[in-house]
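Single-structure report; data block below.
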Amino acid sequence: EAAINRIAAGEVVERPASAVKELVENAIDAGATRIEVAIADGGKTLIRVTDDGCGIAAEDLPLALSRHATSKIDGSDLLNIHSFGFRGEALPSLGAVGRLTITSRTEGDAAEITVAGGAMSAVKPAALSKGTVVELRDLFYATPARLKFLRTDRAENQAITDVVKRLAMAEPFIGFTLVDVSGGDRRVTFRAGAETGDMFDALHGRLRAVLGKEFAENALPIDTERDEFHLTGYAALPTYSRGAAVAQFLFVNGRPVRDKMLLGALRAAYMDVLSRDRHPVAALFIDCDPTLVDVNVHPAKSEVRFRDPGTVRGLIVSGLRHALAEAGH
Ligand code: ADP
Ligand code: MG
């Protein structure tokens, strides 16, 4: 089983940022209201995700580390996915490629378990007030080939920041903190306090935290639908475009995606108002019945397949063009 976990790990965990994504998604699924991500050395030596969610009972800790043990789906319902996690692969994969310690507390006493190189420790008593701390040390120490492909700490930090910001944008009611603890220091590199109010207010507040005040104050609100697809969010005026496609946040049913068709639609919407070397800035949420979209295309879950891509593309292009035209562009 250790070998299978290592192979699966290659698909799920490409780099520190993919581990961060899996762990933060787990914290979101656990109903956390505050999530802290601590990293050291670009996540290569340490990734620690702390949440105040529902926790894992001591007797369930070994189960959480077993392959395809997920508490989130019963298998008969693969098209009807609401929570982020549904494969039960992340924790066993991480335990196969790093030294993983989970400390957690439900109503009972806190407990912890460690797995390294696929070998699991016994469950031990621990101290924790609430929620879960998942600590991953020395990612890929057992797979030097993969270690070699990691980029500089700076590049890995950048990828982690991007993942955290995307998830933070998707969950404005949750507070997020990203801290760099390299060399024993503690530097907060991103913070977004939990937003309140209705979804549009909360999203606007979160936009400010992630993309900055200037963008938030000059973004066009989008709220439109076509057939069974609903498009909401904010799109920037062409004057707030960027030289690189770094500020395009797309979500399908609350899940961050980086899908070619959707990115192409966003670009097409701005085609007449932006030069080719500029990139629009937007945070767009597409919501639809889960049966109209397949999010289970790739283990990293960032691509999606719509039953009717033409409708979704048309919705984005016409919705954004309409908003831009109203604003005089
Ligand atoms: P999945 O998320 O696909 O279910 P994972 O391997 O990521 O699979 O997690 C396995 C199980 O461990 C989850 O189904 C959940 O029950 C539990 N779990 C993992 N992380 C947390 C957390 N932060 N808080 C509470 N439970 C968790
Ligand atoms: Mg998961």
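Please treat every number below as a calculation from the coordinates, not as lab data. Everything quoted here is computed from the prediction, not taken from an experiment. Virtual Cβ from ideal backbone geometry, glycine too; neighbours counted across all protein chains shown.
Some values worked out for this structure:
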quantity: Amide N of the stretch 237-269 lying under 12 Å from the label point, which is placed 7 angstrom from the Cα of Asp308 along Cα→Cβ; calculated: none
quantity: Alpha-carbon centroids, the stretch 178-208 and the stretch 11-34: separation in whole Å; calculated: 16 Å
quantity: Residue-span extension gain [Glu225 to Thr239] - 0.36 nm each, minus C-alpha spacing; calculated: 2.5 nm
quantity: Asp294 paired with Ala119, simple spin-label distance in nm, labels 7 Å along Cα-to-beta-carbon; calculated: 4.2 nm
quantity: Relative contact order %, the chain, counting alpha carbon pairs below 8 Å whose residues are six or more apart; calculated: 15 percent
quantity: Listed residue pairs exceeding 26 Å between alpha carbons, taken from Lys21/Lys260; Lys124/Lys148; Lys44/Lys213; Lys21/Lys148; Lys213/Lys260; calculated: Lys124/Lys148; Lys44/Lys213; Lys213/Lys260
